[in-house]
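Below: the structure, in C-alpha cells.
The values are calculated or read from the model by the stated rules, or taken from the named source; none is laboratory data. On a predicted model such as this, the values are computed, not experimentally measured, just so you know. Don't worry about glycine lacking a Cβ; one is built from the backbone with ideal geometry, like all the others, and counts go over all protein chains shown.
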Amino acid sequence: GGFFTEELEVAKLIYAEAAFRLHIPEKKVWKCVEATMKVIAWALTEGKDFDFVFKNFGILVCRGRRVVMRFFEELLRDVDKSGVLADAFLQV
C-alpha cells in the first residue's frame with residue numbers, strides 16, 4: 001500500500017493506455033518516457049532553457065531551473081466545462 005504504490009499503479013495504467021492507443025509495445029512507451037525524463041533531468045541540472053511540446057496539451061517551459069506548464073486554451077476549455085478553472089489558468 002501507500003501513496004507511492006498507488007501512483008505506480010496509476011502510471012502502469014497510463015502507460016498501458018498509451019501503448020494501446022498508439023499501437024506500440026508498452027515497453028517502448030516506458031523507454032521513450034524514460035529517455036525523455038533523462039534529457040529533461042540533464043537540461044534542468046545544467047540550467048539549460050528548453051520547451052517541451054505536448055501535442056494538443058501544452059508546453060513545458062523550462063528556463064534555468066524554473067519549470068512551468070503552459071496548457072493550451074482549447075484543452076483547458078474542453079476539460080473545464082464550467083469555464084471557471086480555465087479562465088483562472090488563462091489569466092496567469
In this structure, is residue 29 assigned to a helix (DSSP H, G or I), in contact with a Leu (Cβ under 8 Å, 6 or more places away or on another chain) and closer than 24 Å to residue 17 by Cα? yes
Scanning segment 66-79 for residues that are of a type in the set (A, V, I, L, M, F, W, C) and without any contact (Cβ under 8 Å) to a residue 12 or more places away in the chain, the one farthest from residue 14 (Cα to Cα) turns out to be 68
Go through segment 37-51 and give me each residue that's exposed (fewer than 12 other Cβ atoms within 10 Å of the Cβ) and either of a type outside the set (Lys, Arg) or within 22 Å of residue 87 (Cβ to Cβ) (or both). 37, 41, 42, 45, 46, 47, 49, 51
Exactly one condition in (1) modelled with pLDDT of 90 or more; (2) touching a Cys at 6+ places or on another chain (Cβ under 7 Å) is not met by residue 43; state its number. (1)
So is residue 54 surrounded by 14 or more Cβ atoms within 10 Å (Cβ to Cβ), under 15 Å from the mean Cα position of the chain (by Cα) and of a type in the set (Phe, Trp, Tyr) or not? no
Taking first residues from segment 37-65 that are farther than 18 Å from residue 90 by Cα and second residues anywhere that are modelled with pLDDT under 90 and hydroxyl-bearing (Ser, Thr, Tyr), the pairs with Cβ under 8 Å that are 6 or more apart or on different chains are 52/36
Listed residues 61, 68; which is surrounded by 10 or more Cβ atoms within 10 Å (Cβ to Cβ), assigned to a strand (DSSP E or B), touching a Cys at 6+ places or on another chain (Cβ under 9 Å) and of a type in the set (Val, Ile, Thr)? 68
